[in-house]
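Okay, structure first, notes after.
Coordinate-derived values only; no laboratory data. Not measured: the values here are computed from a predicted model. Glycine gets a Cβ as well: all are built from the backbone with ideal geometry, and neighbour counts include every protein chain shown.
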Amino acid sequence: YSKREPDQVITSLGWAPFDDEGRYIEARYGNLSVVSFYIPSGSSGDLRQGFKFEVMEWLRPILEEWARSGRDYVLCGDWNIVRSALDIKNWKSNQKNSGCLPEERDWLNALCADHGQATDVAAGRGWADAYRLLNPTGEDYTWWSNR
C-alpha cells in the first residue's frame, strides 16, 4: 500500500521465466523506486534450486546497474537467502539447506556493503542492508525457516 499513487508501476524485468511467476513489482515516485522481489526458494528440489541460481545470476548485472544508475532504490521482498548467522536462528543446522548455501550467501554478500563499510559501487557493493544497519546485534532475524 502507498499513501501516494506511484508515477509508474512496473511488473516485468524482461525475462519470462521470472516475470511469469509474478516475482517483481516496482513503484516509481520521481527518482525513487521501491522494488519488491520474490527470489525463488530452492527447498522443493534440485530443479527449483537450479532456477534460483539462474535468477540470481540473471539479477546480478541488473542490481549492479541500478546501484550505478543515480536513481534511488529501496529493495524489499522475500529473497530466500540468509546473509549471515545473525539472520537465522538455526545457523549450523541450515548450512546445507537452500537459503543458507554458501554460494547463495556469497552472491548476496557480494552485492552488499558490510556493517560500517561504505557502499562501493565499483566493487559491486552498491547496496546497504538497512535492516541490519538498524539492528546490528542479531537478536532478531531477517529470515526464518519453517522446517
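Which cross-chain or sequence-distant (5 or more) residues have an amide H under 5 Å from the amide H of ALA128, H modelled 1.01 Å from N in plane?
The list, which skips near neighbours in sequence, is ALA113.
Rounded to two decimals, what is Rg over Rh for segment 4-80 when you use alpha-carbon atoms and the Kirkwood radius?
1.00
Taking neighbour Cβ counts within 10 Å as the exposure measure, how do CYS100, CYS112 sort from fewest upward?
CYS112, CYS100
To check you understand DSSP bridge types, tell me what percent of the beta bridges within segment 8-134 (both residues inside) are antiparallel, rounded to 5.
55
In whole angstrom, how long is each semi-axis of the equivalent ellipsoid of segment 8-134, when you take the square root of 5 times every eigenvalue of its Cα gyration tensor and sort them from largest down?
Ellipsoid half-lengths, sorted descending, are 23, 20, 12 Å.
Rank SER84, SER36, SER44 by mean-square fluctuation in a GNM of the chain with C-alpha springs under 10 angstrom and give only the top-ranked residue.
SER44
For GLY77, list long-range residues whose amide hydrogen, built 1.01 Å from N in the peptide plane, is under 5 Å from its own amide hydrogen.
Excluding prolines and chain starts, which carry no amide H, the hits are PHE37.
Quote the relative contact order of the chain in percent (integer), defining contacts as alpha-carbon pairs under 8 Å separated by 6+ residues.
With pairs under 8 Å counted, the relative contact order is 19 percent.
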